Amino acid sequence: MIADPSLSLALFAVLLALASAAVAPLAGRRPRLLRRGAVPLLGMAGAMALVAGLWTLSAGTSASAILPLGLPWLPWHVRLDPLAAVFLVLIGLVTTAVGFYGRDYVRDFERGRDSLTALGGFSGLFLAGMLLVVLADDAFVFMVAWELMSLASYFLVAFQHEQAANRRAAFLYLLMAHIGGLAILLGFGVLAGFGGGFDFASLRAAELSPLWAGVAFALALLGFGMKAGLVPLHAWLPEAHPVAPSHISALMSGVMLKVAVYGFIRVVFDLNGAVHWSWGVALIGIGGLSALVGVLFALMQTDLKRLLAYSSVENLGIIFIALGLALLFQATAHSNLAALALVAALYHALNHALFKSLLFLGAGAILHSTHERDLDQMGGLLRRMPWTGSFFLIGCLSISALPPFNGFVSEWLIFQAALQAWNLDSGVLRSLVPIASAVLALTGALVAATFVKVYGIAFLGQARSRHVRRARPSPRGMWVGQGLLAAFCVLFGVLPTQILSLLDPIAVQLLGNGVPQADAGGWLWLTPISAETASYSAPLTILLLALIAGAAILWFRRRTSWRVRRCDPWDCGFAPPTPRMQYTAASFAQPIRRVFALLFVIDEAQETGADGVTRYRLKITDRTWGWLYLPLARTVDSASRQVARLQSGSVRVYLGWTLMTLLVLLWIIAL
């Protein structure tokens, strides 16, 4: 019996997710059970997780329990503390919205050949794995849940496996997930070797030398950074996320990547003990590179879901910049600034979960209505899908960090932490942080350009294809899910002081210091450092924007007559414009592509076909494939060929290898 109600609710959420997976096999014969049973249970699991997380954050307490599961000598330890509670809230918010959205979205799969049992079953297991990762209090439970999450999401990526590209993306994802999982397992092994046990309490008590602490940090960065899609370990992400069903893409990009952030914070800030300033420098550098490369590749894309996947690389880079600042300030004894950076990272993780899930759900609604992912085939969708267009606009404004939406608050907090670099004693570090701030500012401008392109080409102008011209509004359940996330994007931007008050106990838990001065000016003003240094008021910003808009409307009324005659404008005698005369996604990004051409492998040409029509061809690929992945693939292939030579077919050769192995093992044991 578990005494704490919040932990009981969290475990009940896991059971609901497993129940969703258990109902799914029945959908093979009764397809309606997927949307009437499995998907609602998934949404209910998210709601329970949300309630459990909010309950723990409001109470500011922790609860733990030992479950009679696992190995006889290693039962399952679970724990719900403020850090886990924040990520339960994150999982719960997105999954609840997916529960509303998925009921109508999966309806189309009932008439297809794809396995409904696989879709519903692995979705429930995927959610159960993510919840258990957050609740785990020992390395054994953590790794079991981590592998459950990775394997279930692999089958969801490979859901529509008839297409070769989907099978390739799923295999790449599975390979990278297992390499990352092995690194995480080795990191836990290092901590357990010094701690004498696998439960997190023993790992916290471990006394590591600086060398072994650095090894544990590097393994955690490799394992969790691979799952988070940090450059140069990001190649799987833009391949896997776009091919999954759209509501699963929202869970993968909005939630699963944040579970990787949770694991990194848990290991590095909570279990690994003392930190070193070089760890912060490494995170700032990798985070800055990920942010810049991610947004540049996002700007180059014409596939909407692939663009959103690359954008996730950029946002995870921003989160790791903030985590790097937190480590850097903590190592140099500036715990108040470290707390600000950590809280900013958590805030941006929450915000990214909201607006990226909203955008993926919006992309899914477009795909549902038009069966199209190519931006160059879209146009004019705001007129045909007004609800989706309105909610997608909120997502674009949020991810572009424009006030008063939520993305602005978290990025502003990260800037405020970075601007305190003058407090550092080292001149090199004081120079490094402003460079990272400049990269972050450049990234923000490129993000705005990216989503101006997305919204302008997809929703404005004229339809570029017949099936887009015939698009219909998405079903009510789909825009209810989008509307829920859009409302939270606004809420998290308008009430930042209340959100920070919920996040502050995590900084106290991990760093011993919080940011109590953030709400010193009351709920109206956000003052992360002090009122004299910087302050921000979202309500007053909204009032100012409303006054400006009202003044513009009044000016327009006075300058124009309400009796407007509508007619075609004079076009100097040229032919009337057609949809083909509009900007395309490729042409919009052309100036940026020219400036940053060294980062891309560009294949651009004009080809004249047999019919005499000249066509423009543009293919942009990631240089990391040629620099990192292809050489590794060739090395593994060459090593495999050498190992294959051992299989000679001769029994005497096999006996010789067995004898040699036995002698080597005896020699090792005798040492």
Report yes if some residue within region 465-474 is charged (D, E, K, R), surrounded by fewer than 22 Cβ atoms within 10 Å (Cβ to Cβ) and part of a helix (DSSP H, G or I); otherwise report no.
-> yes
Which listed residue is surrounded by 22 or more Cβ atoms within 10 Å (Cβ to Cβ) and under 25 Å from the mean Cα position of the chain (by Cα), from 38, 27 = 38
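Can we say residue 20 is under 25 Å from residue 249 (Cα atoms) and either acidic (Asp, Glu) or modelled with pLDDT under 95 (or both)?
It is true that residue 20 is under 25 Å from residue 249 (Cα atoms) and either acidic (Asp, Glu) or modelled with pLDDT under 95 (or both).
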Meets criteria (surrounded by 24 or more Cβ atoms within 10 Å (Cβ to Cβ), assigned by TED's automatic domain parsing to the domain that holds residue 488, closer than 16 Å to residue 303 by Cα and under 17 Å from the mean Cα position of the chain (by Cα)) for residue 346 = no
Selection within region 614-671 - of a type in the set (Lys, Arg), free of Cβ contacts under 8 Å to residues at least 12 places away in the same chain and more than 20 Å from residue 175 (Cα to Cα) | 615, 645, 652
Inspect all residues belonging to region 381-388 and state whether any of them is more than 21 Å from residue 545 (Cβ to Cβ) and free of Cβ contacts under 8 Å to residues at least 40 places away in the same chain.
-> yes
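A quick yes/no check of all residues on (1) buried (at least 24 other Cβ atoms within 10 Å of the Cβ); (2) part of a helix (DSSP H, G or I); (3) modelled with pLDDT under 95:
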| position | (1), (2), (3) |
| --- | --- |
| 281 | no, yes, yes |
| 310 | yes, yes, yes |
| 327 | yes, yes, yes |
| 367 | no, yes, yes |
| 372 | no, no, yes |
Inter-residue pairs, beta-carbon under 7 Å, first more than 18 Å from residue 478 (Cβ to Cβ) and of a type in the set (Val, Ile, Thr) and in region 43-54, second modelled with pLDDT of 95 or more and in a helix (DSSP H, G or I), 6+ apart | none
If you take the residues in region 440-474 that are at pLDDT 90 or above and β-branched (Val, Ile, Thr), which one is nearest to residue 359 (Cα to Cα)?
-> 454
Mind listing whichever residues of region 626-655 are exposed (fewer than 10 other Cβ atoms within 10 Å of the Cβ) and of a type in the set (Phe, Trp, Tyr)?
-> none
Per-region count, region 494-520, residues among the small types (Gly, Ala, Ser) and closer than 13 Å to residue 344 by Cα | 4
Right, residue 573: at pLDDT 85 or above and over 30 Å from residue 329 (Cβ atoms) or not?
-> no
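Residue-wise test of (1) of a type in the set (A, V, I, L, M); (2) touching a Lys or Arg at 6+ places or on another chain (Cβ under 6 Å).
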| position | (1), (2) |
| --- | --- |
| 304 | yes, yes |
| 318 | yes, no |
| 326 | yes, no |
| 329 | no, no |
| 333 | yes, no |
| 338 | yes, no |
| 341 | yes, no |
| 352 | no, no |
Restricting attention to region 513-534, and to residues there that are surrounded by fewer than 18 Cβ atoms within 10 Å (Cβ to Cβ) and of a type outside the set (A, V, I, L, M, F, W, C), which single residue is nearest to residue 415 (Cα to Cα)?
-> 533
Within the set of pairs 6+ apart or on separate chains, which have a first residue in region 418-432 that is in the same structural domain as residue 332 (by TED's automatic domain parsing) and free of Cβ contacts under 8 Å to residues at least 40 places away in the same chain, a second that is assigned to a helix (DSSP H, G or I) and exposed (fewer than 12 other Cβ atoms within 10 Å of the Cβ), and C-beta atoms under 7 Å apart?
-> 430/422
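The values are calculated or read from the model by the stated rules, or taken from the named source; none is laboratory data. Because the structure is a prediction, the values reported are computed rather than measured. Here Cβ is always computed from backbone atoms with ideal geometry, including for glycine, and neighbour counts include all displayed protein chains.
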